[in-house]
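Quick note: the coordinates plus some simple rules give every number you see, no bench work behind them. Only a predicted model underlies this, so the values are computations on that prediction, with no experimental measurement involved. Cβ coordinates were reconstructed from backbone atoms using ideal geometry, including for glycine residues, and neighbour counts include every protein chain displayed.
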Amino acid sequence: MTFDILKVLHIGSMFMATALAVGPLVVMYLVARTQDAPAIARTFSFSTSIGRIGGAMYGLGILFGVLAALNGSIDVTAPWLLTAYVLVILLGVNGVLAERWISRVERAAEASWNADLDRLVRARSPVVSLTIMIGLTIAIIFVMVVKPTPF
């Protein structure tokens with residue numbers, strides 16, 4: 001495949017992955033805030049499937065990015081790429097933390113309404129996670145487009 005095709009596949013995969021990470025988290029947070037345990041349980045039951053598809057898209061995006069870099073004679077140890085790698089790792093860690101909240105809410109909702117579910121739907125962690133996710137995504141886009149040399 002040519003550099004341009006691999007680059008388009010990289011960008012497309014990463015945009016799909018981001019959509020599958022940000023969108024569902026927003027929806028799950030809003031549904032959780034309704035405090036409707038059956039609706040929460042139904043909505044959150046899709047989280048594993050969506051997470052797997054989103055994770056696969058991130059994986060494909062990384063694979064296509066590496067292939068594009070190698071095909072386009074881009075130094076995979078360039079400072080801007082090293083910065084992007086770190087930001088992607090931080091994004092992954094943040095995703096794991098968001099998944100923990102989702103999993104806890106789902107388990108509590110399946111047990112019907114309880115004090116734990118009440119505490120979880122009022123938690124700040126999903127908003128913090130979403131804010132970090134958006135900030136890191138913007139930072140990654142900036143680094144990939146501008147290619148700053150901070151070192």
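Kindly provide the trypsin sites (Lys or Arg not before Pro) of segment 55-151 that DSSP labels as loop, not H, G, I, E or B, and whose Cβ sees at most 14 other Cβ atoms within 10 Å.
When the trypsin sites (Lys or Arg not before Pro) of segment 55-151 are filtered for loop state and at most 14 Cβ neighbours within 10 Å, 122, 124 remain.
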Looks like segment 1-85, by Cα gyration tensor root eigenvalues a ≥ b ≥ c and the a/c under 1.5 rounded cutoff (else prolate when a/b is bigger than b/c, oblate otherwise), is prolate
Applying the gyration tensor rule to the Cα atoms of segment 93-151 (axes a ≥ b ≥ c; rounded if a/c under 1.5, else prolate if a/b exceeds b/c, else oblate), the class is prolate
CD proxy at 222 nm, helix term only [per DSSP H run n ≥ 4: -39500 (n - 2.57); per residue of the chain; nearest 500]:
-28500 deg cm²/dmol
Indicate the gyration tensor shape class of segment 3-144 (rounded, prolate or oblate), computed on the Cα atoms with a ≥ b ≥ c the square roots of the eigenvalues: a/c under 1.5 is rounded; otherwise a/b larger than b/c is prolate and the rest oblate.
prolate
Angle between the chain longest axis and helix 79-110 axis [Cα atoms, degrees, rounded to 10]:
20
